[in-house]
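Only one structure is covered here, and it is reproduced in the block below.
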Amino acid sequence: MSASRCTWLALAFAAVAGAMLVSGNVRAETGFDVPHPHAPHGTHDGGGHDGGYALSVGPAVATVDRPDITSGCHARPDALGTSRVVEIDATGGLEFGEQYLKDEPKFLEPGEVVLTFDDGPSRRYTVPILNALDADCVKATFFSVGRMAISDPATLREVVRRGHTVGTHTWSHKNLASLGDAAMKREFELGLSAVAAAVGGPVAPFFRFPYLGHSKATRDYIKSRGFGIFGIHVDSKDFRTKSPGIVLRNVLAQLDRTKKGILLFHDIQPSTAGALASLLAELKARGYRVVHIESAHPAITLPEYDAIAEKALASKSAAAAKAPLADRAATWPISGPDEHGSAPHPAPSARASKPAAPASHPAKPHDWANPGNDPWQLRSFGWD
Ligand SMILES: [Zn+2]
C-alpha cells in the first residue's frame, strides 16, 4: 500500500469519527417512514437476523440543507433541478428497494425519484450523461464497476467533480449469489478498493448487486461492512434497446404506476445517453422531483484489496502511457478464453431476485491484479 493510500485511509477513518460525532444534531430528521437513528437494527429490516456482527449505531436517513445543490439552475430557470438532498448513515447496514424488503424504509414521497446509473464509467456514454444532468442541475448516483473504474479513472473523477455520488457494483460484475463466501468477498472488496483508488478519495458506502442477484449471506456481509444496499423501483431496461424513445416510454410507463422510486439506468448504454435530456424534461413537465442521496460517512476499504487495486491502477496507467493513442474507456486486452462465464448483462428481468443467467465459478484461482483475463465488458458492450 502506498503512503498516499495510508494517508487517505487515515483521513477516511477521521471522517467517519467526525460524522459519528455530529450525527443526530446537525442533520434534521425528515419524519418519513424510516427507523430512528438509534433504533435497534432489527426493528425495521423485516427479515431474519444474520448475527455475527455488532450493530452499535443504527441506520438513519435525513434531509440535509444543501443550497449549493438545491438552489436551482440560475442559467436555466425552467430546468428540472434537484429538489432535496438526503443523507444516509448506513453504519449498521441498510437496504432500499422492494427486492429486499416488504417494508423497506421509505424515504421518497410521491413524485420523488432518485436517478442511478450502473456499470460505468465509460467515457463514451458517461460524459454525455453528465452533460445532460448538468444541463438540468440534477445530481445522481453512480454504482461503478471496479474494473471499469480502473480502466477509466479520469471519467470517474469527473463524475465526482461534478458533485454526484459514487457507490460500488463489484469488481467484475459477477452475480454474488452464485459465488462462494471467499469469492463473494473478493468481488465486493476489490470492487470497492478499485473504485476508491480510481477516484483517489472516499466513495459512498452504497452498493448495488449485479443482476440484483443476492442471498441472505451476501446481504449480511455487505451490511456488516456498513453499506447501504440499493435495489430499484423503476427499470429503464436500457440494455434491451438502442432506442432512446423506448427508454423514455419504459420509465414513464412504470412511473405512472409507482409514482416515485429509485430509477435504474446504465451509463454504458447509448439508449440512456440519448434519452436522458428528454426524460429530464418530461419528468419536469409531469411534476416529478429529483432527490439526491449522499452518505454520512465514507466507505472504509480493506488494505489488502487496496494493494491489489493500486497495482491494477498502476498497471493500467503504465499501459496507457505506452499507448497514448488508445484513448478509450475500455481497452483491456483479451488474453484468453473467458474462464468466468459470460452472463448477459443484466439478467432479462432485472427485478428478479434470482439470476436468470448466473456466472459460473472460476475454474482456477483468479489473478485479481490482471483484469485482462476477464473481458466481460468487452463482450457485453461490443467494444473492440
Ligand atoms: Zn450492473
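The values are calculated or read from the model by the stated rules, or taken from the named source; none is laboratory data. What you see is a predicted model; the values in this text were computed from it and never measured. Virtual Cβ from ideal backbone geometry, glycine too; neighbours counted across all protein chains shown.
Specify the residue that is nearest to A79 (Cα to Cα); the eligible residues are those in the stretch 136-158 that are hydroxyl-bearing (S, T, Y) and touching a Lys or Arg at 6+ places or on another chain (Cβ under 8 Å). Spell out the reasoning first.
If we filter the stretch 136-158 for residues that are hydroxyl-bearing (S, T, Y), which is where we start, we get 141, 144, 151, 155.
Retained after the next criterion (residues that are touching a Lys or Arg at 6+ places or on another chain (Cβ under 8 Å)): 151, 155.
Details: S151: 33, T155: 25 Å.
Among residues in the stretch 136-158 that are hydroxyl-bearing (S, T, Y) and touching a Lys or Arg at 6+ places or on another chain (Cβ under 8 Å), the one nearest to A79 (Cα to Cα) is T155.
Search the stretch 211-259 for residues being assigned to a loop (DSSP other than H, G, I, E, B) and either on the phi > 0 side of the Ramachandran plot or of a type in the set (S, T, Y) (or both), and hand back the single one that is farthest from the ligand (Cβ to nearest atom). Spell out how you get there, then give the answer.
Taking the stretch 211-259 first, the residues assigned to a loop (DSSP other than H, G, I, E, B) are 213-215, 225-227, 231-233, 236-237, 241-243, 259.
From what is left, the residues that are either on the phi > 0 side of the Ramachandran plot or of a type in the set (S, T, Y) (or both) are 215, 226, 236-237, 241, 243, 259.
Details: S215: 17, G226: 22, S236: 12, K237: 13, T241: 16, S243: 20, K259: 25 Å.
Step by step, filter the stretch 211-259, then rank; the result is K259.
Which residues, counting only those in the stretch 195-210, are away from the ligand (no atom under 16 Å from the Cβ), in contact (Cβ under 8 Å) with a residue 60 or more places away in the chain and assigned to a helix (DSSP H, G or I)?
A196, A197, A198
For the stretch 194-213, check the following and say yes or no: at least one residue is under 15 Å from the mean Cα position of the chain (by Cα), surrounded by fewer than 24 Cβ atoms within 10 Å (Cβ to Cβ) and more than 16 Å from A140 (Cα to Cα).
Scanning the stretch 194-213 turns up at least one residue that is under 15 Å from the mean Cα position of the chain (by Cα), surrounded by fewer than 24 Cβ atoms within 10 Å (Cβ to Cβ) and more than 16 Å from A140 (Cα to Cα).
So K174 passes all but one of these: (1) more than 22 Å from F227 (Cβ to Cβ); (2) in contact (Cβ under 8 Å) with a residue 60 or more places away in the chain. Which condition number does it fail?
Of the numbered conditions (1) more than 22 Å from F227 (Cβ to Cβ); (2) in contact (Cβ under 8 Å) with a residue 60 or more places away in the chain, the odd one out for K174 is (1).
Return a yes/no flag: does the stretch 81-93 have any residue that is modelled with pLDDT of 95 or more and either among the small types (G, A, S) or assigned to a helix (DSSP H, G or I) (or both).
Looking for residues that are modelled with pLDDT of 95 or more and either among the small types (G, A, S) or assigned to a helix (DSSP H, G or I) (or both), one finds at least one in the stretch 81-93, hence yes.
Return yes or no: is G163 within 14 Å of the ligand (Cβ to nearest atom), at pLDDT 95 or above and in contact with a helix residue (DSSP H, G or I) (Cβ under 9 Å, 6 or more places away or on another chain)? Steps first, answer last, please.
On the way: within 14 Å of the ligand (Cβ to nearest atom): no; at pLDDT 95 or above: yes; in contact with a helix residue (DSSP H, G or I) (Cβ under 9 Å, 6 or more places away or on another chain): yes.
Against the criterion (within 14 Å of the ligand (Cβ to nearest atom), at pLDDT 95 or above and in contact with a helix residue (DSSP H, G or I) (Cβ under 9 Å, 6 or more places away or on another chain)), G163 does not qualify.
So D89 passes all but one of these: (1) away from the ligand (no atom under 16 Å from the Cβ); (2) buried (at least 24 other Cβ atoms within 10 Å of the Cβ); (3) within 26 Å of I268 (Cβ to Cβ). Which condition number does it fail?
Among (1) away from the ligand (no atom under 16 Å from the Cβ); (2) buried (at least 24 other Cβ atoms within 10 Å of the Cβ); (3) within 26 Å of I268 (Cβ to Cβ), the lone unmet condition for D89 is (3).
Of the residues that make up the stretch 114-128, is at least one among the acidic types (D, E) and at pLDDT below 95? Show your work before the answer.
Narrowing the stretch 114-128 to residues among the acidic types (D, E): 118-119.
Right, trim to at pLDDT below 95 and you get none.
So far as the stretch 114-128 goes, no, none of its residues is among the acidic types (D, E) and at pLDDT below 95.
When you go through S271, S224 one by one, which is the residue that is touching a residue at least 12 places away in the same chain (Cβ under 8 Å), over 27 Å from E109 (Cα atoms), surrounded by fewer than 22 Cβ atoms within 10 Å (Cβ to Cβ) and not aromatic (F, W, Y)?
Working: S271 fails: surrounded by fewer than 22 Cβ atoms within 10 Å (Cβ to Cβ).
Going through S271, S224 in turn, just one is touching a residue at least 12 places away in the same chain (Cβ under 8 Å), over 27 Å from E109 (Cα atoms), surrounded by fewer than 22 Cβ atoms within 10 Å (Cβ to Cβ) and not aromatic (F, W, Y): S224.
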